[in-house]
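Q: Dropping the structure in here first, questions after.
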Amino acid sequence: MKIRFFPLLIGIYLIFFLGIFSAYAQEIPSIAILPLSVRDEVDGYLGFYLRDLIKDVLDDMEQIEVIDNILIDEMLRESKISRNVVLVQSMAQVLGKRIGADYLLSGSYRIRQLGDRERLVVSMRLFDLNQGAMIDLKSTVFDFNNPNEFRQLMIPEVLKSFNIDLTEPIKPFIYDPQLIFPLYRGVEKMDEALRTYGSAQFPDKPLWKEAFAQAQETVDAVPEYLESYYYLAYMYQKTGWLAKEVETWMKYVDLLEVTGKGKNSIPRASRAYLRLANSYISQKKYDMAEKSINQALNMNPGNAEAYFLLGKISYDQGKSAEAQEYWNKAYFLDPSLKEAQYFAGEAGKAAVYGKDAYESYRTGYTFYANGDLKTAEGYFRNAVQLNPNMKEAQYWLGRTLYDLGKLSDAEVTWRKVIEIDPFDSQAKRFLEKTIQEKQYGRNALIQFRQGFDLYQEAKYVEAIPYFERAVQESPRFQDAHEYLARSYYLLGQKDKYLKEREKSLNLIEQPLDKAWQFYLVGYELFSWNEKGKAIDYLQKAVALNNRLSEAHLLLGEIYGSMNQWKQAAYHYTQASSVEENSTEEDQSSVLWGASVSYIQLGEWDKALEFLNELVKKYPYADFIEEAESLRIEAMVKKGSYRDARVSVQQFQLRFPSGRFREKIQFYYALSFYQEKQWKEAAQALESFYKNYPQSQYRKETLEALGYSYRNLGQEEKARDYFAQIEGQENAFLVADTFYQEKKWQQA
């Protein structure tokens, strides 16, 4: 038989919490009266009897609300509080909060033989739960068979604690106690049965047979005693004897209407109608249930619990949207009814996904949470069959199949989840794990993940055995080989690193993935200064993927460090042609490396091309000042003299105290010389020589000054500058000045 989680949950809620339903929301203080506990080896039934003697009177008081007995007794059993326990303040606070009471009245009793009569000694304690106070009331001694004496003594003491004056005489208890006692013996047997049998509460159990017989004895003897039907109906409810429960609640309501029992008759009738409705709901007699609910609503149109039950009926009939409305209304009428808010949310989901599909999903989830994966799988499969687009059901079906090791089915399910929601990162992660487990085996992956966790903590020595076991379990487990190699790398074990790296590389089938791994090996070898080996791997990388800019960039850097500028320039140029996957830092490094390489090769046109792009795209790069100075040099070498001089002016504004000022001022002066503007050249070169007499460009400056003055017809000045050039070359240049002046002897 299929178990449905959601209806079961509602049913449990109704059975347990129906006792808390109040017919009216009242501002007056509420009191919970506990059955009195037994202090000696005497009959425990008297505790229930004495409780009702007090409750019967307080029910008629306008100034106080008495909480339903059934709720109180359920809470005592659920809290596993013994009948014999004497409550202390801390226990009373917890219990009172759960019941929802302002005051808690508890007590104990014992029997004393005084002369030829039995006397009851009763001690009562009142807990003010709001103030955290405890009041011990005066003990009462009365005749065992005289309930009126007990009420006359005890009731005023209780009311005094509430500051309530007794304005009318306490009504007498008109029934013979000996005829009433069987009912309370039955109630005690019921309490024992509920504490004994657990979930197996059936009417043919011995304790239940006794309970029914004794309660019926009072019904037969005193048919007008209202509480008999109240307790008997509850007994039928707890044992699942639904027809008898309905019959008994109807008698209770009829008798309540006849007797018109005090100010609480309407709330008690309303509560009875709701319990009657709940019994009809259990029998799926929804029309009868609605009639009972409507009778409760006629008494109090704002009864939140009535709308709660209407929600249950609508939900059972497949009207999820209508159920949601009823439950929302119940929560609106009574915000403390949190269950109504919860069920409204669940009904809303059922309306979206379909009631049967959603119930099957929720039931499956319950079994999954309890570890019953096979049963959970059945419910999840049923849910996705009813509604294939219900993502939650598909997701948990995937989880269940994955946990059961049904990886092929799990993979199909994860793909369905991602089809429904392409952004579900959890499904993507589980799909990846599922595919990996299909490929490598679950145990290999467990070993790998344990090793990976240690690797993440930089515990490389401890991680290595796990990676080794993973590759033993699955020799083609590429990631395990890779992280085993990385562990060796980080421990500086070069030979083991390369051995594992090769195994890892041989397992990669996709050329682009393999190219990237070749690049990583090259990079790691370069970090060990193994430039030759690094070049080999990097060349393999670009052979597989010529657009792998990272590999070209690193090759350019290695060849540049080895002064192999032609190869460096080639790889920098290749890297510059691939921009889409490069970072800004890499792109600026590529342009800078290419510029330097072409300058070293004397290819000033190519160098200037890269330098122009560099200063345009990355004006704030770390090396921009040097790049600007090289750009000016390249312009002069290339013959762009006017552009060079404009760039010099911009450079001086941007870098007024830069370390390349000497260089750019030299090329500024040289631009005039190269352009054969001899006068401007002589002035600029004179100024430069004056500012930097020991410049690295001293020889070039003196030579250019000499030729500038020669072209201006001033051989004597030219001779002065040629004479300052160090070495043998100055003798020829000085002689040539005499020759130009036709001073043959001096020449």
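The values are calculated or read from the model by the stated rules, or taken from the named source; none is laboratory data. Small disclaimer: the values here were computed from a predicted structure and weren't measured. Every residue, glycine among them, receives a Cβ derived from its backbone with ideal geometry; neighbour counts consider all protein chains shown.
Q: Would you mind stating whether Glu716 is outside any helix (DSSP H, G or I), surrounded by fewer than 16 Cβ atoms within 10 Å (Cβ to Cβ) and among the acidic types (Asp, Glu)?
A: Answer is no for this residue.
Q: So, of the residues in the stretch 273-287 that are part of a helix (DSSP H, G or I) and without any contact (Cβ under 8 Å) to a residue 40 or more places away in the chain, which turns out to be surrounded by the fewest Cβ atoms within 10 Å (Cβ to Cβ)?
A: Asp287
Q: Let me ask something else. Has the stretch 382-405 got any residue that is among the acidic types (Asp, Glu) and either more than 30 Å from Lys329 (Cβ to Cβ) or assigned by TED's automatic domain parsing to the domain that holds Trp327 (or both)?
A: yes
Q: If Leu601 passes every condition in (1) within 21 Å of Gln650 (Cα to Cα); (2) among the aliphatic types (A, V, I, L, M); (3) surrounded by fewer than 17 Cβ atoms within 10 Å (Cβ to Cβ) but one, which one does it miss?
A: All conditions pass for Leu601, except number (1).
Q: Of the residues Ala731, Ala704, which is among the small types (Gly, Ala, Ser), assigned to a helix (DSSP H, G or I) and surrounded by 15 or more Cβ atoms within 10 Å (Cβ to Cβ)?
A: Exactly one residue qualifies, and that residue is Ala704.
Q: Considering only the stretch 587-600, I want to know if a residue exists there that is within 30 Å of Asp495 (Cα to Cα), out of contact with any Lys or Arg (no Cβ under 8 Å at 6 or more places or on another chain) and assigned to a helix (DSSP H, G or I).
A: no
Q: Could you identify the single residue in Val471, Val417 that is over 30 Å from Gln539 (Cα atoms) and buried (at least 18 other Cβ atoms within 10 Å of the Cβ)?
A: Checking each option against the conditions leaves just Val417.
Q: I would also like to ask the following. So which residues in the stretch 512-556 are among the acidic types (Asp, Glu), within 19 Å of Val578 (Cβ to Cβ) and surrounded by 16 or more Cβ atoms within 10 Å (Cβ to Cβ)?
A: Glu550
Q: May I ask you to list the residues in the stretch 106-142 that are within 45 Å of the chain's Cα centre (by Cα) and in contact (Cβ under 8 Å) with a residue 40 or more places away in the chain?
A: If the condition is that a residue be within 45 Å of the chain's Cα centre (by Cα) and in contact (Cβ under 8 Å) with a residue 40 or more places away in the chain, then Phe127, Gly132, Met134 are the ones that fit.
Q: Touching a residue at least 24 places away in the same chain (Cβ under 8 Å), closer than 26 Å to Ser408 by Cα and crowded, with 21+ Cβ neighbours inside 10 Å: is that true of Tyr489 in this structure?
A: Criteria not met by Tyr489.
Q: Shifting gears a bit: Any residue that is buried (at least 21 other Cβ atoms within 10 Å of the Cβ) and either within 21 Å of Ile99 (Cα to Cα) or not assigned by TED's automatic domain parsing to the domain that holds Ile99 (or both) - is there at least one of those in the stretch 314-330?
A: Checked against the condition, which is being buried (at least 21 other Cβ atoms within 10 Å of the Cβ) and either within 21 Å of Ile99 (Cα to Cα) or not assigned by TED's automatic domain parsing to the domain that holds Ile99 (or both), the stretch 314-330 yields at least one hit.
Q: Would it be correct to say that Thr248 is surrounded by 17 or more Cβ atoms within 10 Å (Cβ to Cβ), within 27 Å of Ile313 (Cα to Cα) and touching a helix residue (DSSP H, G or I) at 6+ places or on another chain (Cβ under 7 Å)?
A: yes
Q: Taking the stretch 381-408 only, how many residues are part of a loop (DSSP other than H, G, I, E, B) and either charged (D, E, K, R) or surrounded by fewer than 21 Cβ atoms within 10 Å (Cβ to Cβ) (or both)?
A: 5
Q: Quick check on the stretch 601-633: of everything there that is assigned to a loop (DSSP other than H, G, I, E, B) and of a type in the set (Gly, Ala, Ser), which residue is nearest to the chain's Cα centre (by Cα)?
A: Ala621
Q: Also, I was wondering about something else. Would the stretch 441-448 turn up any residue that is of a type outside the set (Val, Ile, Thr), farther than 25 Å from Glu524 by Cα, assigned to a loop (DSSP other than H, G, I, E, B) and modelled with pLDDT of 90 or more?
A: Within the stretch 441-448, none of the residues are of a type outside the set (Val, Ile, Thr), farther than 25 Å from Glu524 by Cα, assigned to a loop (DSSP other than H, G, I, E, B) and modelled with pLDDT of 90 or more.
Q: Now for a separate question. State yes or no: is Tyr667 at pLDDT 90 or above, surrounded by fewer than 23 Cβ atoms within 10 Å (Cβ to Cβ), under 28 Å from Tyr572 (Cα atoms) and over 60 Å from the mean Cα position of the chain (by Cα)?
A: Answer is no for this residue.
Q: Tally the residues that are in contact with a helix residue (DSSP H, G or I) (Cβ under 9 Å, 6 or more places away or on another chain) and outside any helix (DSSP H, G or I), restricting the search to the stretch 470-497.
A: Final tally of qualifying residues: 6.
Q: With the condition kept exactly as written, say whether any residue in the stretch 364-376 is hydroxyl-bearing (Ser, Thr, Tyr), outside the structural domain of Lys312 (by TED's automatic domain parsing) and crowded, with 21+ Cβ neighbours inside 10 Å.
A: no
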